[in-house]
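Colleague: Starting off with a structure, shown below.
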Amino acid sequence: MDFIDLKAQQKRIRSVINQNISAVLEHGQYIMGPEVAELEEKLADYCGVKHCISASSGTDTLLIALMSLGVKRGDEVITSAFTFVATAEVIELAGCIPVFIDIDSETYNIDAVKLEEAITPKTKAIIPVSLYGQCADMDSINKIAKKHGIKVIEDGAQSFGATHNGKLSNSLSDIGSTSFFPSKPLGCYGDGGALFTDDEELAVAMRQIRAHGQEKRYYHARIGINGRLDTIQAAILLAKMEIFPDEVSLRMRIGERYSQLLSNFDVVTPYIARENTSVYAQYSIQVSNRDVVAQKLKDRGVPTAIHYPIPLHKQPAYTERCKFTDLTVSESVADRILSLPMGPYLTEEDQDFVAKAVQEAVQ
Ligand SMILES: *Cc1c(COP(=O)(O)O)cnc(C)c1O
């Protein structure tokens, strides 16, 4: 059993992928070919936002987003301590100070109540992470940010396709940032990402920053990076977009089925808030004796993963450089969290097998 089965998906669309890649080889525009613009239009339509700017990875999209806000050295950016390192990495790379706040014990996303306490005159942005496929409490976060004149970048790397009060992830704040890393809900066959905004000025800035800050050829209006999405990856994503809505439904059904199967066992299953739907980028449960349980599952042939074992304020590269408040919940969840095999093509048989193995492992 795979932790994420990417082969089943490829089988389903292999011929379209081959055709799309062949088309790129034919026209030869490997950088910013026509597929890139076509994809951006489709992604913007899907999310219901005015502008989509594709980019080289979900890390680069976060960096481009921060740079487009004009952050300065020493500015503070608030985010979650319980996320993939990229979210905090870009804050450092942009010269800012990461301020880690704790997560909600049920959704694992930043606690909007603790957010307001962490805001200082130096706070320039908030990067809420929509972890495991479920949006953060974006409406509350936006309200607080607006009150303090702070911008919000949703790190929607794991939540593309999820909804919050009926609106799609990545369309919920000033900027939405997602990743097309192969294992993400919408993944390509390499690195990729995309930015979303309704703000014309931010869209122009992000487009320029993505390509060396270029306003026109060899005229650099601002500092930028080499952050473009490859045409071949855009061509692959176009094929995947065709089946994405179906895959979102499959993910939701499989996620909910897991929760039913595991409901009577000694584990904490994901809590999806009333205003949200989740795409279950990960299906993560909490167990005591996590490492023992993971080993037992491994012995039965069930692969697992830990997202994430060490909160970022405890990572060697960050401890001395960040600011943080009480992170009790992040620390406790990091010790107990365990992700099970998940994906739109996980069969019921495999899922039953995983559930049984979990039952035996936690007894
Ligand atoms: C994957 C991920 C990223 C980074 O995306 P890459 O495309 O791998 O650079 C950022 N934030 C979160 C929450 C992620 O899961």
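The values are calculated or read from the model by the stated rules, or taken from the named source; none is laboratory data. Note that this is a predicted model, so its numbers are computed, not measured. So basically every Cβ, Gly included, is an ideal-geometry build from the backbone, and we count neighbours across all protein chains shown. Note: accessible area is taken over every heavy atom of the protein model, side chains too, but ligands, DNA and RNA are not part of it. Shrake-Rupley method; radii C 1.70, N 1.55, O 1.52, S 1.80 Å.
Colleague: If you check GLU242, GLU320, GLU331, which single one turns out to be without any contact (Cβ under 8 Å) to a residue 60 or more places away in the chain and surrounded by fewer than 16 Cβ atoms within 10 Å (Cβ to Cβ)? Walk me through it before giving the result.
Modeller: Values: GLU242 fails: without any contact (Cβ under 8 Å) to a residue 60 or more places away in the chain; GLU331 fails: surrounded by fewer than 16 Cβ atoms within 10 Å (Cβ to Cβ).
Only one candidate qualifies: GLU320.
Colleague: Now for a different question. State which residue is nearest to the chain's Cα centre (by Cα) when the search covers only the range 190-202 and only residues that are closer than 22 Å to ILE144 by Cα and either near the ligand (Cβ under 9 Å from one of its atoms) or open to solvent by 20 Å² or more (accessible area, probe 1.4 Å) (or both).
Modeller: ASP198
Colleague: What residue, of LEU346, LEU338, is in a loop (DSSP other than H, G, I, E, B) and either open to solvent by less than 40 Å² (accessible area, probe 1.4 Å) or free of Cβ contacts under 8 Å to residues at least 40 places away in the same chain (or both)?
Modeller: The match here is LEU346.
Colleague: Among the listed residues ILE225, ILE209, identify the single one that is out of contact with any Pro (no Cβ under 7 Å at 6 or more places or on another chain), away from the ligand (no atom under 15 Å from the Cβ), closer than 14 Å to LEU63 by Cβ and of a type outside the set (S, T, N, Q).
Modeller: Of the residues listed, the single one that is out of contact with any Pro (no Cβ under 7 Å at 6 or more places or on another chain), away from the ligand (no atom under 15 Å from the Cβ), closer than 14 Å to LEU63 by Cβ and of a type outside the set (S, T, N, Q) is ILE209.
Colleague: Starting from the range 12-34, keep only residues that are under 15 Å from MET241 (Cα atoms), then list their pairs with residues that are in a loop (DSSP other than H, G, I, E, B) whose Cβ atoms are within a distance under 9 Å, requiring at least 6 positions of separation or different chains.
Modeller: ARG12/TYR345; ILE17/TYR189
Colleague: Hey, could you check the range 23-36 for residues that are open to solvent by 60 Å² or more (accessible area, probe 1.4 Å) and in a helix (DSSP H, G or I) and say which is nearest to GLY190 (Cα to Cα)?
Modeller: LEU25
Colleague: Does the range 172-189 hold any residues that are more than 12 Å from the ligand (Cβ to nearest atom), touching a strand residue (DSSP E or B) at 6+ places or on another chain (Cβ under 8 Å) and open to solvent by 10 Å² or more (accessible area, probe 1.4 Å), and which are they?
Modeller: Within the range 172-189, LEU172, SER173, ASP174 meet the criteria.
Colleague: Looking at ILE110, ILE119, ILE144, ILE103, which one is more than 18 Å from GLY193 (Cα to Cα) and touching a Pro at 6+ places or on another chain (Cβ under 8 Å)?
Modeller: After applying the criteria, what remains is ILE110.
Colleague: How many residues, within the range 162-171, are crowded, with 19+ Cβ neighbours inside 10 Å, more than 12 Å from the ligand (Cβ to nearest atom) and outside any strand (DSSP E or B)? Break it down stepwise before answering.
Modeller: So in the range 162-171, the residues crowded, with 19+ Cβ neighbours inside 10 Å come out as 162-164, 168-171.
Next, only the ones that are more than 12 Å from the ligand (Cβ to nearest atom) stay: 162-164, 168, 170-171.
This time we only want the ones that are outside any strand (DSSP E or B), so: 162, 170-171.
Residues in the range 162-171 being crowded, with 19+ Cβ neighbours inside 10 Å, more than 12 Å from the ligand (Cβ to nearest atom) and outside any strand (DSSP E or B): 3 in total.
Colleague: Let me ask something additional. Looking at the range 1-22, which of its residues are assigned to a helix (DSSP H, G or I), hydrophobic (A, V, I, L, M, F, W, C) and either farther than 30 Å from ASP352 by Cα or under 19 Å from the mean Cα position of the chain (by Cα) (or both)?
Modeller: If the condition is that a residue be assigned to a helix (DSSP H, G or I), hydrophobic (A, V, I, L, M, F, W, C) and either farther than 30 Å from ASP352 by Cα or under 19 Å from the mean Cα position of the chain (by Cα) (or both), then LEU6, VAL16, ILE17, ILE21 are the ones that fit.
Colleague: Conditions first: (1) more than 19 Å from ALA305 (Cα to Cα); (2) in contact (Cβ under 8 Å) with a residue 60 or more places away in the chain. GLN233 passes all but one, so which condition is the exception?
Modeller: Among (1) more than 19 Å from ALA305 (Cα to Cα); (2) in contact (Cβ under 8 Å) with a residue 60 or more places away in the chain, GLN233 violates only (2).
Colleague: Follow-up question, since we're still on this one. Which of the helices (runs of 4 or more DSSP H) found entirely inside the range 80-161 contain at least 2 residues meeting this: open to solvent by less than 20 Å² (accessible area, probe 1.4 Å) and touching a residue at least 40 places away in the same chain (Cβ under 8 Å)?
Modeller: Where helices (runs of 4 or more DSSP H) fall fully within the range 80-161 and carry at least 2 residues being open to solvent by less than 20 Å² (accessible area, probe 1.4 Å) and touching a residue at least 40 places away in the same chain (Cβ under 8 Å), they are 86-93.
Colleague: Taking the condition modelled with pLDDT of 95 or more, within 24 Å of LEU202 (Cα to Cα) and either away from the ligand (no atom under 15 Å from the Cβ) or open to solvent by 20 Å² or more (accessible area, probe 1.4 Å) (or both), does ASP45 pass?
Modeller: So ASP45 fits the description; yes.
Colleague: Name the single residue, out of those in the range 217-239 being surrounded by fewer than 17 Cβ atoms within 10 Å (Cβ to Cβ) and not hydrophobic (A, V, I, L, M, F, W, C), that is nearest to ALA273 (Cα to Cα). Even if it seems obvious, please write down each step before you answer.
Modeller: Filtering the range 217-239 down to residues surrounded by fewer than 17 Cβ atoms within 10 Å (Cβ to Cβ) leaves 217-223, 226.
Remaining after also requiring not hydrophobic (A, V, I, L, M, F, W, C): 217-220, 222, 226.
On the way: ARG217: 47, TYR218: 48, TYR219: 47, HIS220: 45, ARG222: 41, ASN226: 38 Å.
Only one residue fits best here, namely ASN226.
Colleague: Now for a separate question. Of everything in the range 253-287, what is among the aromatic types (Phe, Trp, Tyr) and either assigned to a helix (DSSP H, G or I) or in contact with a Cys (Cβ under 6 Å, 6 or more places away or on another chain) (or both)? Give them in sequence order.
Modeller: Scanning the range 253-287 gives a single hit, TYR258.
Colleague: Identify, please: which residue in the range 50-76 is closer than 25 Å to TYR30 by Cβ and in a loop (DSSP other than H, G, I, E, B) and is, among those, nearest to the ligand (Cβ to nearest atom)?
Modeller: Across the range 50-76, the extreme among qualifying residues is SER57.
Colleague: Give the residue, chosen from ALA205, ALA281, that is under 20 Å from PHE181 (Cβ atoms) and open to solvent by less than 60 Å² (accessible area, probe 1.4 Å).
Modeller: Selected residue: ALA281, the only one of ALA205, ALA281 that is under 20 Å from PHE181 (Cβ atoms) and open to solvent by less than 60 Å² (accessible area, probe 1.4 Å).
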